[in-house]
Amino acid sequence: MFPSVRNVILAALCGIAGVYPCAASAKPAYVDITWLSITNIHYEIGSLGILTDGYITRIPSTNFYGGGGGLKSTHTASKPDVVAVTRVMNAMGGPTKFNILLTGHSHFDHAFDTATWATLTGARIIGSKTTCFQAQAQGITADRCTVVNGGEKLALSPEVTVRVVRWNHSGDSKTNPEQHNPVELNAAPVPDPATGGLRAGVAEDFPNGGGGRAYLFTVDGANGPFSWFYQNSASATDLNSPIIVDGINYGAPLANLKAAMSDAGLTKVDLWIGSGGTSIAQLVVPVIKPKAYIPVHWDSFTSPFLSGVTKPFRDPALASYLKTAGTKLVAPVNYMDKWRLDGRGIQVVSNTAVKHALGFTR
């Protein structure tokens, strides 16, 4: 059992809130992974569909001002682009493809559309207290959102387990404290009385949610086990320092990751999906020894989603480090790129129909 933390078994919710089907099924042979921009990742594991983050709305950069990163406050409240989220959902196969919504942290470029996805699909939300409060402000009842603080072990299906790793956020406490420092909401934010929207600033209705939540997935596959680690932000400045919120010590991110790996009986993972560049890789890779790596959060979170990737991924220093570490770099080319992962490795999967439905030509 994950040390000193309760064991949360969502499998007990069989048939409730769209968690996963009750009927027995064959073990999944693989997971199909689709990148929907930024840190938005869809996992399809047999009949189980999991979406991490899912930010499709684009809030103009001109609406933000203040703070070290320029994202502290907003001039006006914003509302999710329900039409855009619906279009993406339908292109990917409709509501039944989404059973669980995970959020890595609660900034607008990660959690702003979570409640919309929950409304459209009926999926259960898992994330920080802040994410749950944000969802409640947008009409999602409290019982449809599971708060995780790090250390939980969630059985998402009989074969799929995810361990929640308490994590930090990029930046540092000196140059952009409102983005980096761990902050949770203590109540649901109040929508703007005129528009019904929320304030997307990182010091307004969308703080980071107490740092972040990373996720270590393990699958008991038909052809043997496979695993991957997902994190959507990180800072090398204090990855070894405890995260403390309201006087509670949630442990240091790297120590938490080591505990999760130990609890899972892993010495390496098949894939790492994450952000942070070379400085983070030098700290994370020795812990999880990934066979492959997909970089995320390197594209624009203000350019329109339907414009696709406007500038290719390029990080020579990171590529060099990963090569030395024996980790295969799998760089996305455009939104809705898709891969298939199992214990033998990762390979590209064609996703032409979905891309064409969204107007992407590559």
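The values are calculated or read from the model by the stated rules, or taken from the named source; none is laboratory data. Keep in mind that this is a model prediction, so the values were computed, not measured. Reconstructed Cβ throughout: ideal geometry from the backbone, glycine too, with neighbour counts over all protein chains shown. Surface accessibility is based on the protein's heavy atoms, side chains included, excluding ligands, DNA and RNA. Shrake-Rupley method; radii C 1.70, N 1.55, O 1.52, S 1.80 Å.
Residue check: is Arg163 touching a helix residue (DSSP H, G or I) at 6+ places or on another chain (Cβ under 8 Å) and of a type in the set (D, E, K, R)? Here the answer is yes, as Arg163 does meet what is asked. Elements of the type strands (runs of 3 or more DSSP E) sitting completely within the range 251-362 and holding at least 2 residues that are at pLDDT 95 or above and surrounded by fewer than 16 Cβ atoms within 10 Å (Cβ to Cβ): these cover 345-349.
The rows are residues; the columns are (1) out of contact with any Lys or Arg (no Cβ under 8 Å at 6 or more places or on another chain); (2) surrounded by fewer than 19 Cβ atoms within 10 Å (Cβ to Cβ).
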position	(1), (2)
Phe64	no, no
Thr74	no, no
Leu101	no, no
Phe112	yes, no
Gly139	yes, yes
Val148	no, no
Gly151	no, no
Leu154	no, no
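Pro189 passes every criterion in (1) surrounded by 16 or more Cβ atoms within 10 Å (Cβ to Cβ); (2) closer than 27 Å to Thr161 by Cβ apart from (2).
For the range 114-137, filtered to residues that are in contact with a Lys or Arg (Cβ under 7 Å, 6 or more places away or on another chain) and touching a residue at least 40 places away in the same chain (Cβ under 8 Å), the residue that is most open to solvent (accessible area, probe 1.4 Å) is Arg124. The residues on offer are Arg58, Arg6, and the sole one that is charged (D, E, K, R) and at pLDDT 95 or above is Arg58.
Looking at the range 305-362, which of its residues are at positive phi and in contact with a Leu (Cβ under 8 Å, 6 or more places away or on another chain)? Walk me through it before giving the result.
Of the residues in the range 305-362, the ones at positive phi are 308, 326, 336, 345, 359.
Of everything in the range 305-362, those that are at positive phi and in contact with a Leu (Cβ under 8 Å, 6 or more places away or on another chain) turn out to be Met336, Gly359.
Residue count for the range 75-114 satisfying the condition of being over 16 Å from the mean Cα position of the chain (by Cα), hydroxyl-bearing (Ser, Thr, Tyr) and in a helix (DSSP H, G or I): 2.
Of the residues that sit in the range 162-209 and are small (Gly, Ala, Ser) and within 15 Å of the chain's Cα centre (by Cα), which one is nearest to Thr116 (Cα to Cα)? Steps first, answer last, please.
Just the residues of the range 162-209 that are small (Gly, Ala, Ser), to begin with: 170-171, 173, 187-188, 194, 196-197, 200-201, 203, 209.
Of the ones still in play, those that are also within 15 Å of the chain's Cα centre (by Cα) are 170, 209.
Numbers: Ser170: 26, Gly209: 19 Å.
So the residue we want is Gly209.
Among residues of the range 296-315 that are among the charged types (D, E, K, R), those with a beta-carbon under 9 Å from a residue that is open to solvent by 70 Å² or more (accessible area, probe 1.4 Å) at least six positions away or on a different chain give the pairs Asp299/Thr310; Asp299/Lys311. Within the range 42-72, track down each residue that is charged (D, E, K, R) and in a strand (DSSP E or B). Of everything in the range 42-72, just one residue is charged (D, E, K, R) and in a strand (DSSP E or B), namely Glu44.
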